[in-house]
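Worksheet for the structure shown next.
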Amino acid sequence: MTTLAIEAHSLGKHYKEATALSDLSLQVEPQQIYALLGPNGAGKTTTLSILTTLLPPSSGTARVAGFDVVQQAHEVRRRIGVTFQEIVLDRDLTGRQVLDIHGQLYRLGKAERTRQISELVALVQLEDAIDRGVKTYSGGMKRRLELARGLMTKPEILFLDEPTQGLDPQNRAGIWDYIRTLNREHNLTVLLTTHYMEEAEALAHRVGIIDHGTMVAEGTPAGLVASIGTELIRMQGSGDTAHFINTITTLPFVLRVDQDQQQGAIQIYVDNSTRRLLDVVQMAGSNGMRVDDISIARPTLGDAFLHYTGRGLRDS
């Protein structure tokens, strides 16, 4: 029986005035890329902190690479690499010194450190900058250096907390390529948190959506999209919206109807948007609704995310 790369059961993290996690469970298979999504304050970083042994859980259990994160924290740390949401690099060091010191902290021999640095610098394309001071690096170069540092110890599992936050599209695409290469060619298991829906869709084999400290949905990106309806008709108009929604929900081809309270759009999830468009327009007219704008689209992972977490603004 294959050992799961990561498994958590009923994780909780409670403080005096707040609950950061509540009964969260997840499983990540070896060699899988797993994306953890959630609004601000949903518990993503707390989950990563527990799984990387930086924070003890208040309740529940978790194992990484087969080892308990509390009772066998040392064994877990030997098998993981981590990059954090905030860039943490000594600006007064060169890129090479950053990597070499990290290898020394993990007691890697000089020959092994030299070999690893050479391979990783080539992987993240920092050959021309590795002996320059980190203070001269752009944001994208710093992210790539952090990725290389997280790989210095040849981890079995890599944890990435918002790995492309603040990067331009070119640098973001480059980080994606590195992650795919590590997963495909080095059999590396990756758990990442991200706010970018397209990042999760592009990279992840499975996605977990957490909100208010608990898992609210989990599956493949395509499966999560399918769970909210096959296709989508977006309509804006005026009239008795409540009556129209109640009426159209009864139609057999309508899977679900949502309303965007801020923009006033009605989102109608149907089996075939092109075929059902005329039916929806006719239903609107017969219910006293004036259609001002209407469009069809396939739902995205972003639509699924909003469905499971809502549209309310989050401050923390």
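The values are calculated or read from the model by the stated rules, or taken from the named source; none is laboratory data. These figures come from a predicted structure and were not determined experimentally. Quick reminder, even Gly has a Cβ in these numbers, built from the backbone with ideal geometry, and neighbours come from all protein chains shown.
General observations
- Residue count for segment 67-84 under the criterion of being over 23 Å from the mean Cα position of the chain (by Cα) and part of a loop (DSSP other than H, G, I, E, B): the result is 3.
For every residue, the table says whether it meets (1) at negative phi; (2) surrounded by 15 or more Cβ atoms within 10 Å (Cβ to Cβ); (3) in contact (Cβ under 8 Å) with a residue 60 or more places away in the chain.
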| site | (1), (2), (3) |
| --- | --- |
| Glu231 | yes, yes, yes |
| Ala242 | yes, no, no |
| Thr247 | yes, yes, no |
| Pro252 | yes, no, no |
| Asp258 | yes, yes, no |
| Ile268 | yes, yes, no |
| Leu277 | yes, yes, no |
| Gly302 | yes, yes, yes |
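- Here Tyr34 passes the criteria (1) surrounded by fewer than 21 Cβ atoms within 10 Å (Cβ to Cβ); (2) of a type in the set (Phe, Trp, Tyr); (3) within 20 Å of Ala200 (Cβ to Cβ) except the one numbered (1).
- Residue in segment 122-135 that is buried (at least 21 other Cβ atoms within 10 Å of the Cβ) and either at positive phi or of a type in the set (Lys, Arg) (or both) present: no
- Residue in segment 10-31 that is surrounded by the most Cβ atoms within 10 Å (Cβ to Cβ), counting only those that are under 18 Å from the mean Cα position of the chain (by Cα) and within 12 Å of Asp211 (Cα to Cα): Leu21
- Note on segment 28-66: residues that are touching a residue at least 12 places away in the same chain (Cβ under 8 Å) and part of a loop (DSSP other than H, G, I, E, B) amount to 18.
- Among the candidates Glu162, Glu146, Glu156, residue that is at positive phi and under 20 Å from the mean Cα position of the chain (by Cα): Glu162
- Test set (1) farther than 12 Å from Leu191 by Cβ; (2) under 23 Å from the mean Cα position of the chain (by Cα) - Ile6 fails condition number: (1)
- Test for His243: is it out of contact with any Phe, Trp or Tyr (no Cβ under 9 Å at 6 or more places or on another chain) and within 30 Å of Thr46 (Cβ to Cβ): no
- Listing of strands (runs of 3 or more DSSP E) fully contained in segment 198-278 that carry 1 or more residues being over 28 Å from the mean Cα position of the chain (by Cα) and outside the structural domain of Pro30 (by TED's automatic domain parsing): 231-238, 254-259
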